[in-house]
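There's a structure below that I have some questions on.
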Amino acid sequence: MAGAASEALRVKYTALCIAAIVLVVGLPLWWKTTETYRASLPYSQISKLDTLQLHLTLSVDVVFAKGCLTGEQQRRLPATQSREKEVTLNSKTSFLRRYEFKYRGATAQEEVALGTHNLPETDEELHWLNKASVGSLFVYIIPEASSLLAQGVSGYIGKHRAAVLKAAWDQGLRTEDILTVLLGKVEQIVQAMAFTDDTISTALSDRVPIGLFNKDAFADNRRAFKSNLGYEITFSLLNPDPKYHDLHWNIEAAVDNYIQPFLDKLAFVANFSVDSQILYYVILGVTPRYEKSTSSYTLKVNSLPHVINPLEARLGSGAASLYPVLNFLLYVPEHSHSPLYLQNMDGSRVTTNAFHSPRWGGIMVYNVDNRDEGYRTFPLHVDIDMVPVMEVFLTQLRLLFGISKVSMPEDVHLASPGTEGLTDWELDRLLWTRTVENIATVSGTLTSLAQLLDQIGNIVINDNVASEVYHAVDSVQAAMLELEAGRLESAFRASKDAITSSEKAFFDPSLLHLLYFPDDQKFAIYIPLFLPMAVPILLSLIKIAKEQKQRTKEPTKND
């Protein structure tokens, strides 16, 4: 009996020790070694980004030339004045637009520059004198009697970041009344050179309903490519009839002279690569209509969208590209459909004989002179005049980047961008919208990522992903602070960093490893492992519990 009791006690202690080891050591060790690693993320900061409240500050120096104000008026001139307006797009999206005007008199050097009779020279002189930073503007007020602006011209916007306005007010007015009259015109100039409520609203279009936008601003936004870290530009010469046309184009020199200066100025915005190709036996895919009165062929603009898909299959661009591809096609009609003209819906010819497709590119039809063909030998050698071609492509390129022509009163003249194809203030205008667009994109990306990781606990969050998320949050917050301070260049750089980090985090391959590993598969793997071991331990514990319960009842029975 004593041996049996001792053996029973040994079995009991053995079962208890095994159960204790399994519970204290085995289960925690298994749990730790099989858990999904999830680095911590700044969820609270990301949730704050879901409600986007931007503050945009623009610094404007208003400089009065000699003769604009009397001594008394100049003494009463305030040093600074601000105008702000809050625009609420929805419950989670709003922005505060703030113009900070700084008033002062012109320096001696500025007076000399404003005293010339050549506006482009004055613009260059003022640019070198002030070296206005990205995102800041100078508005010079000159006397009405000044000969710098021609008669009937009240204002001039230069190539850089300066504008000239004529003082058109009664000299007897008080300073406060003069500023009231002046600020309306200055704001009009500032909105043309920087941003308007509509342009910022359309930059936030992904966060608000479509119906809240200005129609023209929304059309410009939908035409332009979305903000990206890089773009690929492809120029293609389409020769559907090489038996009749031997085409030659000096695309390298044309790109260097017309496109590259424009891209160099935009190098701060994104990376660009340019290539070219010649494709043979490529047709438009639509049949033009012959007009007997003009002995020519025409294509209506409403049929042009059907042209793109057949052509895109032959272009071969974008198949392995990491960045959006901008396609510019020069099409020389086949001999049997020449000359070919594009026609508006009202029957008039398109002056450029070209059209562009939003967020895709543009196509230009180039007609070859086939007169006196009976006296010529074929294929006809054709040297394409690249000047009109590149002028059209540069215009289309500006539109595809959202650089549209601003509308101003007839008495306000705009300087030509020149060989660069882009003025400094047009670059600033683009940077304002792209910075806001980047911030909105990062906000949406991080919010979506946080919701995804919160809902699906199987996704691994490694340290690299967490690091990119933290960097994206810090960068987007820095961009918003820089915008509020009026430092556009640093705000745009920070927004680019935020875009890069947020996309790296969102598209990290490690996030997909355990994404489709449901719980039923876990049970299928772990039950065969744990069930054979758990059943004997559990039965032993139940038996020990019953024996202990029976032993506690025995003294009661003896009494």
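The values are calculated or read from the model by the stated rules, or taken from the named source; none is laboratory data. Treat the numbers as computed from the prediction; the structure is a model and nothing was measured. Cβ placement follows ideal geometry from the backbone for every residue including glycine, while neighbour counts extend to all protein chains displayed. Each accessible area value is taken on the protein alone, full model and side chains, heavy atoms only, with ligands, DNA and RNA left out. Shrake-Rupley method; radii C 1.70, N 1.55, O 1.52, S 1.80 Å.
Go through the range 275-292 residue by residue and turn each phi into a ³J(HN,Hα) via Karplus (6.51, -1.76, 1.60, θ = phi - 60°); whole Hz please, and just put x for glycine and proline.
Values per residue, Gly and Pro as x: 9, 9, 7, 10, 10, 10, 6, 10, 10, 6, x, 10, 8, x, 9, 8, 10, 5 Hz.
Projecting each Cα onto the charge dipole of the chain (Lys/Arg +1, Asp/Glu -1 at the beta carbon, about the Cα centre), which of Thr298, Pro409, Pro324 comes out farthest on the positive side?
Highest projection toward the positive end goes to Pro324.
For the chain, find the longest principal axis of its Cα atoms and tell me its angle to the long axis of helix 519-558, 0 to 90°, nearest 10.
That helix lies at roughly 30 degrees to the long axis.
Here's a follow-up. Can you give the accessible area per residue of the range 229-400, in Å², using a 1.4 Å probe?
Value for the range 229-400: 49 Å² per residue.
Distance in nm between label sites at Asp346 and Ala485, each 7 Å beyond Cα in the beta-carbon direction?
Result for the modelled spin labels: 5.2 nm.
For the range 34-67 and the range 148-165, what is the separation of their Cα centres, given in Å?
Using only Cα atoms, the two centres lie 35 Å from each other.
Now a separate question. Once both axes come from the Cα atoms, what is the angle between helix 175-193 and the longest principal axis of the chain, in degrees from 0 to 90, rounded to 10?
That works out to roughly 70 degrees.
Let me ask you something else. For Kirkwood radius over Cα pairs in Å, several values are listed as [x] 32.3; [y] 25.3; [z] 29.6; flag the one computed from this structure.
Computed from these coordinates, Kirkwood radius over Cα pairs in Å corresponds to label [z].
I'd like the Karplus ³J(HN,Hα) series for the range 463-474: coefficients 6.51, -1.76, 1.60, θ = phi - 60°, whole numbers in Hz, and an x wherever there's a Gly or Pro.
5, 5, 5, 4, 4, 5, 5, 4, 5, 5, 5, 4
Taking the highest mean first, how do the peptides 191-199, 290-298 order by number of other beta carbon atoms within 10 angstrom per residue?
191-199, 290-298
Roughly how many percent of the accessible protein surface of the chain is carbon and sulfur, given a 1.4 Å probe and a whole-percent answer?
Details: 16100 of 29080 Å².
Accessible surface attributable to carbon and sulfur in the chain totals 55 percent.
Starting from the amide H of Tyr341, placed 1.01 Å from N in the peptide plane, find each other amide H under 5 Å away whose residue is 5 or more places distant or on another chain.
Long-range HN contacts for Tyr341: Tyr297, Thr298, Leu299.
Separate question: Report, by chain and number, residues whose modeled amide H sits under 5 Å from the one on Gly105, excluding near sequence neighbours (fewer than 5 apart, same chain).
Amide H neighbours of Gly105: Phe64.
Based on the mean of other Cβ atoms within 10 Å per residue, sort peptides 164-173, 537-546 so the most packed one is first.
Details: 164-173: 16.2, 537-546: 13.0.
Most protected by this proxy first, the peptides run 164-173, 537-546.
Another question, then. Please list, in chain and number order, the residues 5+ apart from Tyr323 or on another chain whose amide H is under 5 Å from its amide H, with Hs placed from the backbone.
Amide H neighbours of Tyr323, under 5 Å, 5+ apart: none.
Still on this structure, I have one more. So for the range 229-400, averaging the separation of alpha carbon pairs under 8 Å that are six or more residues apart and normalising by length, what relative contact order in percent results?
33
Now, a different point. Can you grab the distance from the C-alpha centre of the range 250-270 to the C-alpha centre of the range 300-342, Å, no decimals?
22
Something else: If you average 1/r over all unlike Cα pairs in the range 229-400 and invert the result, what Kirkwood radius do you get in angstrom?
That comes to 16.9 Å for the range 229-400.
Can you compute the modelled spin-label distance between Glu144 and Val535, with each label point 7 Å from Cα toward Cβ, in nm?
10.5
Mean separation of Cα pairs under 8 Å and 6+ residues apart, divided by the residue count of the chain: what relative contact order is that in percent?
Across the chain, relative contact order equals 18 percent.
Using the 2.2 N^0.38 Å rule of thumb for compact globular proteins, work out how the range 398-487 stacks up: its C-alpha Rg over that value, please.
The value comes to 1.61.
For the range 429-493 and the range 82-132, write down the distance between their C-alpha centroids in whole Å.
30
Sorted by mean Cβ packing within 10 Å, highest first, what order do the peptides 524-534, 119-129 take?
Top to bottom by mean Cβ count within 10 Å: 119-129, 524-534.
Then there's this: Kindly provide the trypsin sites (Lys or Arg not before Pro) of the range 342-418 that DSSP labels as loop, not H, G, I, E or B, and whose Cβ sees at most 13 other Cβ atoms within 10 Å.
Those that pass, being in a loop and sparsely packed, are Arg359, Arg371, Arg376, Lys405.
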